[in-house]
Amino acid sequence: MKRCAGIVGLVLFAAWVALGVPEKVTLLYMTAGDINMLALAQNVLGPMFSARYPEVELRTVHTGPGDAGSQLIFEKLRAEKLSGKETWDVDVAMVHQVFMSWAAAEGDLLLQYAQDLETWQYVTSPHAKYALGTLVEGYVMPMFHSQIAIAYNPKYVPEPPKSYEELVEWVKAHPGKFGYNGIKGGMSGVGFVVGWVYWKTGKYEQYAITGPYNEQEIASWEPIFKELKEFNKYVTITAGNVGTLDALNRGEIWMGPVWVDMFYTFMLTGKMDPNIRLVLPAPGLPGQPMYFVIPKKAKNIEWAKKFVEFVTSPEIQAKVIVEMYNWYPGIDGSYVKDYVSPGAYARLYRDIAPEELRTKGLAFALAKYHTAILEAYEKWAIGG
Amino acid sequence: MRSGRSEVKRRWGGASKLLPLLLLFPAVSFVLVLYLYPLFSSVIRSFTLGAQSPTFANYLKAWALYKKDILFTVEVALLGTFLSIVLGLALACYARISRSRAARFVNSLSRLTIFLPYVIVGQMMRSFLAPHGFLNVILANMKVIDLNSPIQFFNIRGLLLGFLWKEVPFVSFIVLSSLQVVDERYLEAARSVGAKTRHIVLSILIPMIKPAIIVGGVLTFCTIVSTFTLPYMLVTESPTMVTVDIAHRVTYFRDYGVANALGVFLYLLAAPMAIYYLRRMVGEEIYGY
């Protein structure tokens, strides 16, 4: 009898554990991008989100920097689609623009969710409509916008070049003192090359916004890249995005293209000479947002939406995206301004004013032009 | 009953023939699925472009864009292997012949590098060899160079230094184990008839451990050819090693055709070494190192 009562007690206890204690929801978040994206999710966004919604725990998977990181996410989602599973592992992901053209070509990977969010009303960026020529409206929410600019050391460069023409002249007069990371070591180098093409061809609108893609045009780029090859003779090729920042900090180079957010983060963490400044030479340099996407058959769609809504709220955009990470906000800056400390706001716009950013902050080229630019560089600027 | 017993016997007879095959099955299927299938599929994909197959388009493109890098990879692999063998041998012979504490210390210290992954070596070399890095600053302080025109290491020099840093101790590790089993009496006999250290090394030790040296060379060559992290972290522009180009084709273009064609170049480079290694190991029934 006693034993029987014991068993009944155990069963009741198990039932109480199973039903009474609410099970925590694990939200699986997959993020591409540099290592800072992992830190952002693990140390900042995850704990903040769990503080507001204690029943949810954010679990982060980091896939690595550059397009390769987004590529892994794409392959994971594609594999989930092909497996025919009813629910997929990944609840929400953070991807680069190029991901959207792959996802569009593959089809049936993503959920159209953005209009359901309360924060959708704050989104005004053209990047939320088109990503490298692909219509993405509703499928993405930009978390932040990142911009490439030229960092320079005022000690050696008292008057920074205001345009690509002036930059080329300066570089020829100071061999080895301008550095960038080519096209195989990260996007700041790629951005510089894309800017070079916009400058030389004057066809930014066609290449980055309107299209259409004209394959015949590529052959006409040969002299442009031959000039870049000549220019490269006066340049130091650095090892990656961080390589350029390190070389600037150590005084090996005096100028070089960098991501604005990485630059300020380096400065705030004492890894960059605080005297180094930024300039955006005409006709401009590209930048890009990173997007939240929700897989079509995500297990926790509602929580994923809540998470995206949380991160794109003006408050989090101000406190985390602008103040902590030095990115330009993903939603319209005017909604964010009230929540940002004046110091952080001034720092972000110190060298490049919002108006300048609007005119000279360009987009990367449409996917096919982008590929063509990279291949043209390999063919004519490196020369096989 | 009788017929039943003979049936069992027949079955058992059959099983004794099948048994070795059954035992081999897990290992063979493992190799087939995880090694041979990806290898063949990558070779096939290197001859495929869209709906076209077979085609040499990927190879032509790979050669047109990455000719320099392919030659550079061969150059780095040959030079790196040669230098690793020479220096590794020197280190091992020193550790074998000298009985000093210093020799033991150097030997054990060098072992540490074998266990560090290349990504760590890459990160170390990046700051150590930078134009204003540790090495150049020291040289500048010693007035050997001018810091305004420092020695550039983010090219074949840095790459070789990185590879040697890891591969010299590796070769020495393999070679030393063979050196240890060389009977001391040979060396004493040689010394007693007036042989100098140079003679002992060149005429006795090295000829006796030739197989180990060759194995060390083969493994080093294959490691250098296939390493991605070190060239990726040190030399991102041109010329760089083929592994970086493979990653570039996949990452930026999702072009598995050209990436596989480049992969096939690497297989061709490594294949003679692998065949030699296997023949030697299986032929002489020496397994492992």
Checked B:Leu83, B:Leu65 against criteria (farther than 18 Å from A:Ala239 by Cβ, within 14 Å of chain A (Cβ to nearest Cβ) and touching a residue at least 60 places away in the same chain (Cβ under 8 Å)); the one match is B:Leu65
* Within region B:245-261, is even one residue in contact with a Ser or Thr (Cβ under 7 Å, 6 or more places away or on another chain), within 12 Å of chain A (Cβ to nearest Cβ), crowded, with 23+ Cβ neighbours inside 10 Å and part of a helix (DSSP H, G or I)? -> no
Is region B:80-97 home to any residue that is modelled with pLDDT under 90, outside any helix (DSSP H, G or I) and over 15 Å from the mean Cα position of the chain (by Cα)?
no
The residue that is surrounded by the fewest Cβ atoms within 10 Å (Cβ to Cβ), considering only those in region A:339-384 that are in contact (Cβ under 8 Å) with a residue 40 or more places away in the chain and of a type in the set (Ser, Thr, Tyr), is A:Thr359
Restricted to region A:282-331 and to residues being under 19 Å from A:Val136 (Cα atoms) and among the charged types (D, E, K, R), the residue nearest to the chain's Cα centre (by Cα) is A:Glu309
Exactly one of A:Ala381, A:Ala372, A:Ala376, A:Ala365 is outside any helix (DSSP H, G or I) and within 14 Å of chain B (Cβ to nearest Cβ), and that one is A:Ala365
Exception for A:Pro274 within (1) part of a loop (DSSP other than H, G, I, E, B); (2) in contact (Cβ under 8 Å) with a residue 60 or more places away in the chain falls at (2)
Could you tell me whether any residue of region A:80-91 is touching a residue at least 60 places away in the same chain (Cβ under 8 Å), assigned to a helix (DSSP H, G or I) and within 14 Å of another protein chain (Cβ to nearest Cβ)?
-> no
Subset of region A:116-167, residues part of a strand (DSSP E or B) and among the polar types (S, T, N, Q), comes to A:Thr134, A:Ser146, A:Gln147, A:Ser163
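The values are calculated or read from the model by the stated rules, or taken from the named source; none is laboratory data. Computed from a predicted model, the values in this text were never measured in an experiment. Methodologically, a virtual Cβ is constructed for each residue, glycine included, from the backbone with ideal geometry; neighbour enumeration extends over all protein chains shown.
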